[in-house]
Amino acid sequence: MITAPYIKSHALRTLIAAIPDCVCEFTCITRWLPEDIASGVCDIEIYEDIAARAGALRVHPHLHAKYFSNTRTALVGSANVTGRALGWNTPSNVELLVSLPADFPGLREWERSLLDSSVKATADLRDRILAEADELKRSRAFTPPPEVEQDDESRVDLWVPTCTVPDRLWLIYQGRGAGSTVASAFEAAKSDLAALSPPRGLSEELFEAYIAGILRQMPFFAEIDRLASTGMTDSQAHNFLAERLGERVESPEHVWRVLKAWLMHFFPDSYRLETGQDVLVKGKVIPPR
């Protein structure tokens with residue numbers, strides 16, 4: 001079961017693709033109000049996405065819960081089915097999902113109550129919701145909440161840094177550095193800052209902490225952090241990036257050089273480089289007193 005008031009089509013398709021072939025049916029419950037469709041926080045296309053996998057879509061207009069269950073384990077928390085909520089877009093939201101056994105007291109009863117109080121989505125209901133949403137968009141403007149991204153199929157959801165001089169980011173964030181930074185690095189820094197979206201007016205200390213916090217919560221960086229715990233050689237990193245990023249990047253070697261620079265700059269107490277900077281290792285060496 002996939003349950004969330006806000007569901008974006010591209011995020012839902014990613015979840016559906018992860019459902020094992022042995023699962024012959026699943027249920028998705030959402031709010032699906034005309035104002036949700038008009039504002040872009042939920043997509044009308046999820047009806048076709050679910051039908052294509054022989055799933056069932058149900059609608060509950062007062063839904064606020066975020067709940068994911070595979071009948072053995074349930075995740076309960078704050079994450080909607082969006083790229084930002086699930087850590088697939090940059091910047092990602094700070095969310096919480098707690099894993100509970102499916103037989104946790106009260107969960108089955110809650111699930112049954114939700115199913116009983118929701119209604120089955122039909123093509124007719126979809127068409128009526130879409131018509132009302134179109135009418136709402138004609139009559140007034142909608143601004144989606146900042147935690148829900150707008151659809152843009154051309155975007156690259158998995159962001160990786162491109163600026164080769166992360167120590168210049170603070171200067172460029174302040175609107176300076178154009179004349180003292182190589183043009184390609186300056187443009188890369190602006191692109192990275194646009195992706196990370198730091199709020200205006202931060203002090204240098206808060207800016208550094210903000211960027212480090214965004215990096216720390218990204219699943220991509222969490223994978224690198226895990227691999228570095230036993231030492232990650234350059235060749236291992238190149239293979240990891242080639243597999244993880246595929247055709248999105250031309251040179252895994254260049255991406256890794258940039259990533260190492262960012263890790264060493266924003267986490268100076270968390271990593272070290274060994275063997276002529278060929279191995280990234282999690283952990284700082286404490287010199288003897």
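A few remarks follow.
- Computed over the stretch 166-282, the ratio Rg/Rh where both radii use C-alpha atoms and Rh is Kirkwood: 0.97
- When the chain is described by a simple charge dipole with +1 on each Lys and Arg Cβ and -1 on each Asp and Glu Cβ, the residue from CYS28, PRO268, GLY179 located farthest towards its positive end is PRO268.
- Note: relative contact order over the chain, using C-alpha pairs below 8 Å and six or more positions apart, is 16 percent.
- Residue by residue, the stretch 60-65 carries 3J(HN,Hα) couplings of 9, x, 10, 5, 9, 6 Hz when phi is fed to the Karplus relation 6.51 cos²θ - 1.76 cosθ + 1.60 (θ = phi - 60°); x denotes Gly or Pro.
- Within the listed set PRO198, PRO268, PRO34, the Gaussian network model of the chain (springs between alpha-carbon atoms below 10 Å) gives the highest mean-square fluctuation for PRO268.
- Diffusion constant of the stretch 2-139 at 10 °C, which comes from Stokes-Einstein with the Kirkwood Cα-pair radius and 1.306 mPa s, µm²/s: 102 µm²/s
- Longest stretch of the chain clear of exposed loop sites (GluC sites (Glu not before Pro), DSSP loop, at most 11 other Cβ atoms within 10 Å, sites excluded): 26-152.
- Sorting ARG126, ARG176 by the number of Cβ atoms found within 10 Å of their own Cβ, with the fewest placed first, yields ARG176, ARG126.
- Stokes-Einstein diffusion coefficient of the stretch 98-240, Kirkwood radius over Cα pairs, 37 °C, 0.692 mPa s, in µm²/s: 160 µm²/s
- Cβ charges +1 (Lys, Arg) and -1 (Asp, Glu), total dipole of the chain, debye: 620 debye
- Cα-Cα separations in the chain greater than 36 Å, expressed as whole percent: 30 percent
- Taking the chain as a Gaussian network of alpha-carbon nodes connected by springs under 10 Å, the highest mean-square fluctuation of the residues GLY201, GLY77, GLY177 belongs to GLY201.
- Amide hydrogen neighbours beyond the local backbone of CYS28, cut-off 5 Å, H modeled: ILE2, ALA56, LEU57, ARG58
- Order of ILE16, ILE224 under a 10 Å beta carbon neighbour criterion, fewest first: ILE16, ILE224
- Per residue, the chain reaches -12500 deg cm²/dmol at 222 nm when only DSSP H runs of four or more residues are counted, each adding -39500 (n - 2.57).
- Simple label model, 7 Å out from Cα along Cβ direction - ASP278 to GLU109, nm: 6.3 nm
Readers should treat all values here as calculations from the given coordinates under stated rules, not as data from a laboratory. Nothing here was measured: the structure is a model prediction, and the numbers come from that model. Here Cβ is always computed from backbone atoms with ideal geometry, including for glycine, and neighbour counts include all displayed protein chains.
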